[in-house]
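Each value in this text was obtained by applying a stated rule to the coordinates, not by laboratory testing. Please read all numbers here as calculations on a predicted model, not as lab measurements. As a convention, Cβ positions derive from the backbone with ideal geometry for all residues, glycine included, and neighbour counts pool all protein chains shown.
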Amino acid sequence: GAAGAAGLIAGGAGAVAADRVSRDTDSTALTSIGTTSVAFAGEARAHGTPQAGITTANQTHGHLIAFDLAPGTDRKATAALLRRWTEAAREMSDGRAPDQDSSGIALDAGPSSLTVTMGFGRTFFDKVGLKDKLPQALSPLPDFSSDALDRKRSDGDLWLQLGADDGLVAFHALRTLQRLAGDAARTRWYMAGFNRTPGATTEPRTTRNLMGQIDGTNNPKPEEEDFDTRIFVPKGGDDSSPEWMAGGSYAVVRRIRMLLDSWDNLSLAQQERVIGRRKSDGAPLSGGTETTPVDLNKFAADGSIAIRGDAHVRVAAPESNQGAAMLRRPFSYHDGFSDDGTPDAGLLFIAWQADPMKGFVPVQRKLDRGDGLSRFLRHEASGLFAVPAAAGDGEYVGQRLLE
Ligand code: HEM
């Protein structure tokens, strides 16, 4: 338990490590990982109260699961399912076992920053007779030339994103919700992912991905003035979203395989030029530190451009895409090795935005044409989900849609 881990720090790595943990304001003291909870009710923002799991710090363990409604599940049965899920998620996020849970999987564990985020796919609306409430923003994503999508692991009527800083807490929530689906919905696909564990690093910086890069630096920040407009649907809805989506967001989910064997054949300098940032500390190749703004017009002393024309950060930047922006909140994944020995590993890329046509779609179109990183990636699965605002007291998630 926590005492054992703390003992290891004190007795094993020595006083230096223990001191670093206590000084690091961004990471969590070992004993508080379990007790930390994230309110299922969400936190109020300018456009409403989004569900937890969007602006929440990335947790260590992630589960993504999509369901299709079973034949015969009507609107009423769907509302009942969402109420069961909401009530269980609310209890578990507070660190309580839901009613009738005898599994014991999370016994003696705290909430461990558990979040449960619920979304609706395009195919949901017709099945429950709500076609008139289908957001235009849920229009199918276009095909991209680098796609190699497995349709069986794509899309789905309903989508859950679970995150927690403890593996048993995360699995318990997953199992509980999957069981509560009962006869109403069937699992369509499932994916597991991970991030760094709080306390694993003394450096309070952005997480790394499986290519080793610091990833997430130039994400829109919740304190920025245009953050809410970029990420959340405004009050009353807009041209691409009906009113029931006010305060909500759209999740683009892409399982992106990293071709790590080819990538690892590049030299460090080549890898850094492909991204446009240094691997060690994430600083842009135009100079400065991780947080220094990227200077796309900077030339090196030898007259060469500091950030190459096909560098990922140049091609993906809002400046190159008429301001298009999204909040990237991914999990890494590793599902073993293919027969030829290559790792089945990469990024469960999750991008949040108020409208995919002003976020993921134009940026991915651009990346598809001219991104140096694309040669080392393969998009293997895809989904797009409407994630409404959080449920208020006594409400269930999606109530404004279903009633
Ligand atoms: C930036 C890696 C896929 C959009 C970055 C950075 C890294 C990175 C290392 C620089 C640090 C940062 O600002 O976060 C990756 C990897 C990918 C991937 C490994 C796939 C496995 C994508 C996709 C999109 C995207 C599919 C969108 C369609 C962006 C954006 C930025 C960025 C918007 C910030 C650019 C800026 O304003 O400086 N990515 N990326 N990335 N990436 Fe990716």
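Backbone amide hydrogens, once placed in the peptide plane, bring residue 344 within less than 5 Å of 335, 336, 337, 338, excluding anything fewer than 5 places away on its chain. Apply 1/(1 + (r/R0)^6) to the Cβ-Cβ distance of residue 151 and residue 403, taking R0 = 30 Å, and write down the FRET efficiency to the nearest 0.05. The pair residue 151/residue 403 has a calculated efficiency of 0.40. A cut-off of 5 Å between modelled amide H atoms, ignoring neighbours fewer than 5 places along the same chain, links residue 37 with 113.
Take every pair of alpha-carbon atoms less than 8 Å apart whose residues are at least six positions apart; their mean separation over the length of the stretch 310-368 yields a relative contact order of 38 percent. Cross-link list 76/127; 298/358; 131/358; 131/152: which exceed 19 angstrom alpha carbon to alpha carbon? Distance filter (> 19 Å) returns 298/358; 131/358; 131/152.
Using the Karplus relation 6.51 cos²θ - 1.76 cosθ + 1.60 with θ = phi - 60°, the per-residue 3J(HN,Hα) values for the stretch 324-330 come to 4, 8, 8, 9, 8, 9, x Hz, with x marking Gly and Pro. Shown in residue order for the stretch 267-274 are the 3J(HN,Hα) couplings computed by the Karplus curve 6.51 cos²θ - 1.76 cosθ + 1.60 at θ = phi - 60°: 6, 4, 4, 5, 4, 5, 5, 4 Hz (x for Gly and Pro). Shape analysis of the stretch 160-249 yields a ratio of the Cα radius of gyration to the Kirkwood radius, Rg/Rh, of 1.05. Only Cα pairs under 8 Å and 6+ residues apart enter the sum, and on that basis the relative contact order of the chain stands at 24 percent. The HN-Hα couplings worked out from phi for the stretch 165-170 by the Karplus form 6.51 cos²θ - 1.76 cosθ + 1.60 (θ = phi - 60°) are 8, 9, x, 6, 4, 5 Hz, whole numbers, x standing for Gly and Pro.
Let's test the formula: R0 of 60 Å, r as the Cβ-Cβ distance of residue 80 and residue 300. What FRET efficiency results, to the nearest 0.05? Before the final figure, lay out the partial values.
On the way: r = 62 Å, r/R0 = 1.04.
For residue 80 and residue 300, the calculated efficiency is 0.45.
Report D for the stretch 275-403 in µm² per second (integer): Stokes-Einstein, Kirkwood Rh on Cα pairs, 37 °C, 0.692 mPa s. Don't skip to the end; give the middle numbers.
Values: Rh = 17.6 Å.
This corresponds to a translational diffusion coefficient of 187 µm²/s.
Packing order of peptides 256-267, 159-170, 48-59, highest average first: 159-170, 48-59, 256-267 (average count of other Cβ atoms within 10 Å over each peptide's residues). With labels modelled as points extended 7 Å from the Cα through the Cβ direction, what inter-label distance (nm, one decimal) is found for residue 202 paired with residue 221? Going by the 7 Å Cα→Cβ label model, 2.5 nm. For the pair residue 338 and residue 186, the difference between a 0.36 nm per residue extended length and the Cα-Cα distance amounts to 52.0 nm.
Ranked highest first by average number of other Cβ atoms within 10 Å, how do 282-288, 349-355, 337-343, 120-126 line up? Spell out each step's value before the answer.
On the way: 282-288: 18.4, 349-355: 24.4, 337-343: 10.0, 120-126: 20.3.
Put in order of decreasing packing, that is 349-355, 120-126, 282-288, 337-343.
At R0 = 45 Å, how high is the FRET efficiency between residue 266 and residue 108 if r is their beta carbon distance? Nearest 0.05 is fine.
Values: r = 46 Å, r/R0 = 1.03.
Calculated value: 0.45.
Over the stretch 116-252, what is the mean sequence separation of C-alpha contacts under 8 Å (at least six apart), divided by residue count, expressed as relative contact order in percent? Relative contact order for the stretch 116-252 comes out at 22 percent. When the alpha carbon gyration tensor of the stretch 28-119 is reduced to an equivalent ellipsoid, its three semi-axes come out at 25, 18, 12 angstrom, largest first. Using every pair of separate Cα atoms, the Kirkwood estimate puts the hydrodynamic radius of the chain at 22.2 angstrom. Restriction of the trypsin sites (Lys or Arg not before Pro) in the stretch 279-337 to DSSP coil positions whose beta-carbon has at most 13 other beta-carbons within 10 angstrom yields 298. The Cα center of the stretch 53-113 and the Cα center of the stretch 170-211 differ in position by 12 Å.
What 222 nm value per residue comes from the helices of the chain, counting each DSSP H run with n ≥ 4 as -39,500 (n - 2.57) and dividing by all residues, nearest 500 deg cm²/dmol? Please list the in-between numbers first.
Numbers: 11 runs with 93 residues, N = 403.
Rounded to the nearest 500, it is -6500 deg cm²/dmol.
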